[in-house]
Amino acid sequence: MWAIVMRALAQEGSQAQAVEELFLQLHDEQSWKHKFNQNKSSAFDDEEQKLLAEMYGSTIVAWSKQGNVDRIKYWIEKLNISPDGSLPLNLAAQVAIVIMYCNARDPIKAEKYVNELEAAYEKGEIVAPPDTIMCNMILNAWAQRNNGDRAASFFEKNIKEPDVVSYNTVINAFARQGNLAKAEQWAYELVASFCENSLESRRPQQATFTVILAAWRRSKDRNAAERATKVLMQMHQLYDNSILLHKPDFKSYQTVLDTWEKSSSRDAAQKAEEFLSSSPDFRDNKRLRSKVRNMRSRERKRNRTVNESNNTNSANKIMR
């Protein structure tokens, strides 16, 4: 019952003090007090040791939600010496600490902590190494900092069994950083990895590429529209080869057309129309067709303005 109540309270971000006080009360309970005083693992049976590990974990989870590093360190130290240092830091507590650092936008400390967990696993102090889900949290923290280089470095050093989320997060980090060459490189590394070993957990997704399309739309690269178009065509090829499970959707086409719309190319509207006409799925889509017509209209107006300006300049030169 104690463990259940503590676990429930630990999920409330404001209840860390209550969780700690409840655990301290347990230390003074007559049936447990003499066991804690013995400070030996043999004083607790297997079931009691599991409950103790969970209660230590709940206390650490609770303080993690408040971001109180000092109390976390205090309870980890208590865990390491009671009883006989035989109780492991449970997974819930490990994850909570990583989340705490990531929420604080401090992936450096999150990385350091995961490396400490890896070392503890190698020493036999915890039962399992940091898993892919935990490591993906750190990748996402680097993505939030727009740092693809650090995300890629952490991926290569720490993640032994990456999944599609791992790759997608590095891709997103490079896309946010503005390094689209690297983002595309990682996307095709994911494709190659899946082709080599067709694990469903590593199957490329629409999101693998739509994040790149969106980044090209934001990009000021003069070739952004051509690059976005190429990515979308490659998505079709991957679908035809049964690697992607779904064709590029309306949003993907809209993103590419948006990229053509902001292009400085003089024939951007024409290329956008050719691009849309090449799609059997969306060439008759009214919204996309309307978008291209508007692009054509603006392009004609712009060209007329340029021509009128040129004619005026020519006339002025003749008059001089």
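Here the alpha carbons of region 205-309 define both size measures, Rg and Dmax, at 14.4, 53 Å. Listed by chain and number, the aspartates and glutamates whose alpha-carbon sits under 12 Å from that of LYS182, ignoring those within fewer than 8 places in the same chain, are ASP149.
Counting only other residues whose beta carbon sits under 14 Å from that of MET100, what net charge do I get with K and R as +1, D and E as -1? It works out to a net charge of +3.
Given LYS73/LYS157; LYS262/LYS291; LYS160/LYS251; LYS230/LYS251; LYS230/LYS301, which pairs have Cα atoms separated by over 22 Å?
LYS73/LYS157; LYS160/LYS251; LYS230/LYS301
Averaged across orientations, what area in nm² does the convex hull of the alpha carbons in the chain project?
Details: hull surface 95.6 nm².
Averaged projected hull area, Cα only: 23.9 nm².
Ordered from longest to shortest, the equivalent ellipsoid semi-axes for region 1-153 are 30, 17, 11 Å, each the square root of 5 times a Cα gyration tensor eigenvalue. Shown here: region 76-201, whose C-alpha atoms stretch 52, 33, 18 Å along the first, second and third principal axes, sorted largest to smallest.
The length gained by stretching the chain between LYS301 and ALA43 to full extension, at 0.36 nm per residue less their Cα-Cα distance, is 84.2 nm.
R0 = 30 Å: FRET efficiency of ASP106 with LYS78, Cβ-based, nearest 0.05? FRET efficiency, ASP106 to LYS78: 0.80.
When each of HIS246, HIS236, HIS27 is scored by the number of other beta-carbon atoms lying within 10 Å, the sequence from fewest to most is HIS246, HIS27, HIS236.
Rule-based calculations on the coordinates, nothing more; no lab input. None of these values were measured; they are calculated from a predicted model. Note that we place each Cβ from the backbone using ideal geometry, even for glycine, and neighbour counts take in every protein chain shown.
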